[in-house]
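The values are calculated or read from the model by the stated rules, or taken from the named source; none is laboratory data. Owing to the predicted nature of the structure, the values given are computational and were not obtained by experimental measurement. We place every Cβ from the backbone using ideal geometry, glycine too, and count neighbours over all the protein chains shown.
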Amino acid sequence: MTDEAENSAQEGFPKIDTSVPQSARIWNYWLGGKDNYEVDRVAGDAFRTIFPAIETGARAARYFLARAVRHLAAEEGIRQFLDIGTGLPNVDNTHQIAQRVVPESRIVYVDNDPLVLAHARALLTSTPEGVTNYVDADLREPSTILREAAKTLDFDKPVALMLMGILGHIEDFDEARSIVRELVEALPSGSYLVQYDSTNTSKAYVKAIQQYNDGGSVPYILRSPDQIAHFFDGLELLEPGVASCSRWRPDAGAWGLPAEVHQYGGVALKR
């Protein structure tokens, strides 16, 4: 996977650093995607050797996104989604799920990764009735995100704010909470926060993350389920609250509840 990246550099996009593994590309690899490099696959395999359950967790987190978006579009009347830290396109991205339910849905993706930018055209596909747009910005710049997103979204109407596996890249917990508060405060009543992150509930996971962080990549911080719950402070959590992603309103199955994973998340309403 090099042609699109090289073309993006020629078109003036930032150069993609393929010397250091990158979390979005590794996640793409674990999900079976092809938008990754050898350095990402090596890092992903090393991580999986220590923590074999990572692929199950990655898929569970992806299915959580799908169920949450489907619920908000079909059951809660949400027509606008602000997906920050969207990562690389995969099967059933936010706009595809939302517009499958409600074709006129409006979606804004936010990321600052050059490879994601190179794939923006794939993300920008939309139904004729709806709108899909992309903002090149960093999570640490919530005012920029809100200003640019307002060119596509109507902040006088409810918005689903999605922070999927991204807050772990904000090393300081208080800073991460502050960013969430600023983003949520800009949303009108009737909006929702959808959020998940990986947790420190497995010693093997903690060890694998430490090895990853020591390799020079942008660090990712594992937090406790209780810390993740604090991102929803002041909001009304939908049942079952903050839970293992695999157990947040799972689709009915013949074998009962799915096994828990070490990614926890929830969906909450702003009154």
Failed criterion for E104 (all others in (1) crowded, with 18+ Cβ neighbours inside 10 Å; (2) closer than 23 Å to F64 by Cα; (3) of a type in the set (D, E, K, R) hold) = (1)
How many residues does the range 212-271 hold that are more than 15 Å from A176 (Cα to Cα), among the β-branched types (V, I, T), in a loop (DSSP other than H, G, I, E, B) and at pLDDT 95 or above?
-> 2
Among residues belonging to the range 137-159 that are acidic (D, E) and surrounded by fewer than 18 Cβ atoms within 10 Å (Cβ to Cβ), point out the one that is nearest to S23 (Cα to Cα).
-> D138
Note on the range 25-72: residues touching a Ser or Thr at 6+ places or on another chain (Cβ under 9 Å), under 30 Å from P103 (Cβ atoms) and crowded, with 22+ Cβ neighbours inside 10 Å are A60, A61, F64, L65, V69
Of the residues in the range 204-226 that are of a type in the set (G, A, S) and at negative phi, the one that is surrounded by the most Cβ atoms within 10 Å (Cβ to Cβ) is A208
Log entry, pairs with first residue in the range 246-271 being more than 19 Å from Q195 (Cα to Cα), second being outside any helix (DSSP H, G or I), beta carbons closer than 7 Å, six or more apart or on different chains, reads L257/P250; P258/P250
Quick one: count up the residues across the range 77-89 that are more than 15 Å from I166 (Cβ to Cβ) and crowded, with 17+ Cβ neighbours inside 10 Å.
-> 4
Just for helices (runs of 4 or more DSSP H) wholly inside the range 11-120: which have at least 2 residues that are among the small types (G, A, S) and closer than 24 Å to Q210 by Cα?
-> 23-30, 38-50, 54-75
